[in-house]
Amino acid sequence: MTIPLVVGVDGSEASLEAVDWAAAEAARHGIPLHLLHAAAGEQEASRVISAASARAGEIAPAARLSSEISHEDAASALVGQGRNAFALVLGSRGLGDLAGMLLGSVSLAVAARADCPVIVVRGSPEHRAGRFGNVVVGIEDGEGSGTAVDFALREADVRGCRLVAVHAWSAPSGACTTPQASSWFLEAHRRPPAQVLDDALRHPAERYRDAAVSRRLIERPARPALLEAASTADLLVVGARRRLGHPGLQLGLINHALLHHAPCPVAVVPQM
């Protein structure tokens, strides 16, 4: 049985935008869509689920649709569903969040705890509707980007669009370097930036030989580099390392910033 794409709904406009995005995503991948609502009152919960189901049915009438009302707290219910899900899809804000919050507390908690990819649906309608034809993936030095690259290539493939792989790097102050890097620079850094990008893309690209892949090496901090790349993206994909000895993920300052400020939907993919 195919595992479902799970979307959290609470009746807010942001969660309905997440339902729209998730319905289109389920249709692209040909997988079931499962709506999850965590609530205390049965009558109100039934209304929320019915409205979300009707909206999903309009966008993806052929998708296999199911729904569930949970009486756990929302974050725990979603994390539990994520143990057997293709991905979790959430709105950027919920009904209970303060007006000044840039990201809902439930979405942030789930992104930090889930075992599967978490997509926070945010940004303008054109970004959410996939009108740019780009999936952007952030590449970091080390082993944290492999699963994210696999996920991003698969997304680009089902959308028939281009993958833009971005590696941002910073040389020491006063250094004169290139993306290939000087010898003394390599003594302080494991690999030159160009090799980091090539290594991250080599094996995943073998599985998607027809994929259009664009490589970008940007000498600037990762946060502004990825936010700029996301300005013309349908989806921004980043990896997250697992905490050593503790459940959950190390989101880090960069992932936090992207989840709060990205102009398009953001997928946080746990390292496998």
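Tabulated data for the structure shown
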{"quantity": "Estimated distance in nm for a label pair at Gln195 and His260, the labels positioned 7 Å out from Cα along Cα-to-Cβ", "calculated": "3.6"}
{"quantity": "Segment Ala129-Thr2, length gained on full extension (0.36 nm per residue, minus Cα span)", "calculated": "43.2 nm"}
{"quantity": "Other-chain or far-sequence residues with amide H under 5 Å of Val237's (modelled H)", "calculated": "Val136, Val137, Gly138, Ala267"}
{"quantity": "Distance (nanometres) between label positions extended 7 Å along Cα→Cβ at Glu13 and Ser170", "calculated": "3.7"}
{"quantity": "In nm, spacing of pseudo-spin labels at Arg47 and Ser231 (7 Å Cα→C-beta vector)", "calculated": "4.2"}
{"quantity": "Gain upon complete extension [Ala54, Val158; 0.36 nm per residue less C-alpha separation]", "calculated": "35.0 nm"}
{"quantity": "Length added when fully stretched, Arg220-Arg207, from 0.36 nm per residue minus Cα-Cα", "calculated": "1.6 nm"}
{"quantity": "Local electrostatic count at Phe86 - Lys and Arg +1, Asp and Glu -1, tallied over other residues with Cβ under 14 Å", "calculated": "0"}
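Throughout, read-outs are computed from the coordinates displayed, never taken from laboratory work. From a predicted model like this one, the values you see are computed outputs, not experimental measurements. Backbone-built Cβ (ideal geometry, glycine too); neighbour counts: all protein chains shown.
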